[in-house]
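The block underneath contains the structure these notes are about, expressed in structure tokens.
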Amino acid sequence: MAYNLASMTVQVRSFAKINLGLRIGAARADGFHELLTVYQTIGLHDLIGVSVSRGSGIEIRCDDPRVPRDQSNTCYRVVEKAMRAMKGKGRVVIEIEKRLPVQGGMGGASSNAVATLLALERVIKKTLPGEERLRIAAEVGSDLPLFLIGGTVLGVGRGEQVYPLEDLPGTACVVVTPEVGVSTPKAFAEWDRKLTLPGSSDRMVELGRGLSAWLSESYSGAPFRRGRAENPLLELVRAGIKNDFEQVVFPEYPELSEGKSALERAGARCAFLSGSGSTLYGLFASRQGARAAVTRLRQQGWAAQATVTLTRRRYWQKFLVSSF
């Protein structure tokens, strides 16, 4: 397919995720760890613009110096694979407007890559089969496949095996982003050094049982919210969910533990580290409560933002910004 020099640019939102609990299992033969987590997309996002013109190669443009512009960038690797799969030709330009923290535990780089893939399809007017998209996404990174689903997503394996869960109602959320960059590989290494013990598989089973009980109730024949006193997303978080990374990240970065406590004091029904951090989030009973918490947290010196969890439907409704 040939492209004009004045190629169409497709701009899309690249949404963040939080982890509603994360359990780390045994190390695998491939060097990864078995994981069990529930991903949840939220309304905070980067902006991604993709265009294709005559020539060859991949160019990444971003004002944030921490964002790589070479093959180490997930967007670059996704485009390489997708262009081969779609037999596309041309020079691909990816423009990234960063609003999410780098190394923040919100899946920013992974989300950027999936957004780039879907925008690229629109530009060259070809669509990959769903299985091919998932294959490419999983090859590039464990967190990518969840962004091909959106909403509330069960993640197993190394996190790349994803299953859509009940599309839960939007829930008020406050995100705190301390100016700390946590390396996920280092966090896993610290987990292995300190906390890999016999019986770690039992902990995975424990969370699995809690999730199974919650899912059994959620998917029963009765109306989903019958008899429930509160938002089912908050009930999910209470199904024995914890983030194992807190055990190794908080001692290394005490300010993250302090941030979690600050969220709880500000009224969060529950607060956790997202992924390996450094982002912390709290879920609130109302948007008004979340806004009041942001005011309080900012007065205390925390970088806080109010947002909302995104249902799968809203995730895809808000995905495309424009084509021009």
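Taking a cut-off of 18 Å between Cα atoms, list the aspartates and glutamates near K126, but don't count ones fewer than 8 places away on the same chain.
E80
Using 0.36 nm per residue of separation minus the Cα-Cα distance, give me the extension gain between R99 and E132 in nm, one decimal.
Computed gain between R99 and E132 is 9.0 nm.
Under the 0.36 nm per residue contour assumption, what length would be gained going from the current alpha-carbon distance of Q71 and R296 to full extension?
Residue separation times 0.36 nm, minus the Cα-Cα distance, leaves 76.8 nm.
Taking 7 Å along the Cα-to-C-beta vector as the label spot, tell me the S322-R91 distance in nanometres, rounded to one decimal.
2.4
Check cross-link reach from K260 to the lysines: straight Cα distance under 29 Å, and skip same-chain residues fewer than eight apart.
Those lysines meeting the cut-off are K17, K98, K186, K194, K242.
Ranking S142, S110 by Cβ neighbours within 10 Å, fewest first, what do you get?
Final ranking by Cβ density, sparse to dense: S142, S110.
Can you give the relative contact order of region 5-62 as a percent, counting alpha carbon pairs under 8 Å and 6+ residues apart?
Over region 5-62, the number comes to 45 percent.
Set the Förster distance to 35 Å, then compute FRET efficiency between D192 and E80 from the Cβ-Cβ distance, nearest 0.05.
The calculated FRET efficiency here is 0.65.
Extension gain S53-E139, at 0.36 nm per residue separation less the Cα-Cα distance, in nm?
My answer for the length gained is 28.3 nm.
According to a simple spin-label model (label point 7 Å from Cα along Cα-to-Cβ), what is the distance in nm between E235 and K125?
Calculated label separation equals 4.9 nm.
Based on other C-beta atoms within 10 Å, arrange S56, S276, S261, S51 from fewest to most.
Least to most surrounded, the residues fall as S56, S261, S51, S276.
Just to check I understand the Karplus step: with θ = phi - 60° and J = 6.51 cos²θ - 1.76 cosθ + 1.60, what whole-Hz values come out for region 37-49, glycine and proline as x?
8, 10, 8, 9, 6, 10, x, 6, 7, 8, 10, 10, x
If amide hydrogens are placed 1.01 Å from N in the peptide plane, which non-local residues have theirs closer than 5 Å to the one on C270?
Sorted by chain and number, the residues that satisfy this are L283.
How long are the three semi-axes of the equivalent ellipsoid for region 1-115, computed from the Cα gyration tensor as the root of 5 times each eigenvalue, in whole Å, largest first?
30, 17, 12
No value in this document is a laboratory result; all are computed from the given coordinates. The model shown is predicted, which means the values in this text are computed figures rather than measured ones. Counting neighbours? That spans all protein chains shown, and the Cβs are built from the backbone with ideal geometry, glycine included.
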